[in-house]
Amino acid sequence: DGGITQSPKYLFRKEGQNVTLSCEQNLNHDAMYWYRQDPGQGLRLIYYSQIVNDFQKGDIAEGYSVSREKKESFPLTVTSAQKNPTAFYLCASSLTGAMNTEAFFGQGTRLTVV
Amino acid sequence: QQPVQSPQAVILREGEDAVINCSSSKALYSVHWYRQKHGEAPVFLMILLKGGEQKGHEKISASFNEKKQQSSLYLTASQLSYSGTYFCGTGPPGTGNQFYFGTGTSLTVIP
């Protein structure tokens, strides 16, 4: 079945450690996105990529990094520079980056930093 | 730039209707609507484009007022399965899917 897979579902890390969240899609979509979800704040865009080897910062990119070496993969690294990393992270993809194409979301990774 | 949704929360009895509104301070090219159940991924409901084009599920109804920079989602004859948090996503032209999501509207349908 085609879809978008995030792993792990739950992740615990100590403060000061970098952590990488995985996002893989087999939908052959060009565009991929990372969102952060906090209670009462909706979804906020961290990074997006419209094509392999290219990505752009979203509204809250500070303390995060990404790579897009393969079409199907868009991992997100939460670095120690991110002041408040505990959140629910959602990865999404769409066929193209055009506004008339819907986004497909993964099941999310809940990151807790202790 | 985040669109504003209203109401923040609503509780309905099965069979009742609801309207969820989304407004933006910026000119819009399109509006997306998604529903998220607790602990799950948001699921696509509908896209409304400038010019009147719509794409989405047949059972979902929505409107897009370009002049007022607003969109409304109409949920009629609500079912228990409609419960969840509804998000609108909006963006100015040329920004692709880096659109901004609203803060969400929590909808609870009770028997």
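The values are calculated or read from the model by the stated rules, or taken from the named source; none is laboratory data. Please read these numbers as outputs of a predicted model, since none were measured by experiment. Glycine also receives a Cβ, built like all others from the backbone with ideal geometry; neighbour counts cover every protein chain displayed. In case anyone asks, the SASA skips ligands and DNA or RNA and just uses the protein heavy atoms, side chains included. Shrake-Rupley method; radii C 1.70, N 1.55, O 1.52, S 1.80 Å.
Using only side-chain charges placed at the Cβ, +1 for Lys and Arg and -1 for Asp and Glu, the dipole size of the protein assembly as shown relative to its Cα centre rounds to 400 debye. Note on residue A:51: accessible area approximately 100 square angstrom, rounded to 10, probe 1.4 Å, nucleic acids and ligands left out. Counting lysine pairs in chain A that sit 8 or more residues apart in sequence, or on different chains, and whose Cα atoms lie under 23 Å apart gives 7. The figure for residue A:9 is an accessible area of roughly 120 square angstrom, using a 1.4 Å probe on the protein chains alone. The GluC sites (Glu not before Pro) of region A:7-96 meeting both criteria, a DSSP state outside H, G, I, E and B (loop) and at most 12 other C-beta atoms within 10 angstrom of the site's C-beta, are A:15, A:62, A:69. Peptide A:100-109 has a mean shielding of 6, counted as Cβ atoms of other protein chains within 10 Å of each residue's Cβ. With all protein chains in place and ligands, DNA and RNA left out, the 1.4 Å accessible area ranks A:109, B:103 as B:103, A:109, largest first. Per the Debye formula on identical point scatterers at the alpha carbon atoms of region A:15-103, with no solvent, log10 I(q)/I(0) at q = 0.11, 0.17, 0.21 Å⁻¹ is -0.28, -0.67, -0.99. Beta-bridge orientation, the protein assembly as shown: approximately 90 percent antiparallel, per DSSP, counting only bridges with both partners inside. In a simple Cβ point-charge model (Lys, Arg +1; Asp, Glu -1; nothing else charged), chain A has a dipole of about 380 debye relative to its Cα centre. For chain B, the number of Lys pairs with C-alpha atoms closer than 20 Å, counting only pairs eight or more positions apart or on separate chains, is 6. On association of chains A and B, roughly 2000 Å² of accessible area becomes buried (total for both chains; probe 1.4 Å).
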